[in-house]
Amino acid sequence: MTIYQNDQPIDPEQVRDHRLIHAAGGVVFNEHNEVLMIYRLDKWDFPKGKVEAGEQYDEAALREVEEETGLHGITLGEALPSTFHTYTLHGEPILKETHWYRMSAPAQPLTPQTEEDITQATWVPADQVHTLLQNSYATLRDLWKNTKL
């Protein structure tokens, strides 16, 4: 497990006082071996969001992908490794664990959830994902590289 703070790996001992928050999301492939990516706050990302009270991680992942992109007909696949990063919210240190799932869905038009600052939702050829992730977060580069998606 690698924990990132400001896109730099940190020692897990540094997060003992952090409050843990869970999120979930998906790496979604279509039948053309394209991957669903979103563009939010000047970074490329995979759709994800916070897990609601009483919600299972896989349910949250499916819900968040649909809400953030308008995607329908999603099939849940295998669980992928979780990612971890820290941030500060209202002066409180937070450790966010994101539970990832491989998913599939038919290619279709997408609708970015603009109220979540998502300006693009698009299908990207799988062999170009690595390039877009250069303008992303270290956690996602690790996820993509280490799971050989």
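Brief remarks follow.
- Yes/no for residue 69 being surrounded by 15 or more Cβ atoms within 10 Å (Cβ to Cβ), at pLDDT 95 or above, polar (S, T, N, Q) and farther than 17 Å from residue 24 by Cα: no
- Yes/no for residue 26 being at negative phi, modelled with pLDDT of 95 or more and of a type in the set (Gly, Ala, Ser): yes
- Of residues in segment 27-57 being touching a strand residue (DSSP E or B) at 6+ places or on another chain (Cβ under 9 Å) and basic (Lys, Arg), the one surrounded by the fewest Cβ atoms within 10 Å (Cβ to Cβ): 50
- Which numbered condition residue 9 fails, given (1) at pLDDT below 95; (2) surrounded by 14 or more Cβ atoms within 10 Å (Cβ to Cβ); (3) not polar (S, T, N, Q): (2)
- Single match in 99, 72 (criterion: without any contact (Cβ under 8 Å) to a residue 60 or more places away in the chain and under 14 Å from residue 47 (Cα atoms)): 72
- If you go through segment 93-106 and pick out every residue that is surrounded by fewer than 21 Cβ atoms within 10 Å (Cβ to Cβ) and touching a Lys or Arg at 6+ places or on another chain (Cβ under 6 Å), you end up with 1.
The values are calculated or read from the model by the stated rules, or taken from the named source; none is laboratory data. Computed from a prediction, not measured in an experiment: that's the story for all the values here. Positions of Cβ are backbone-derived with ideal geometry, glycine not excepted, and every protein chain shown enters the neighbour counts.
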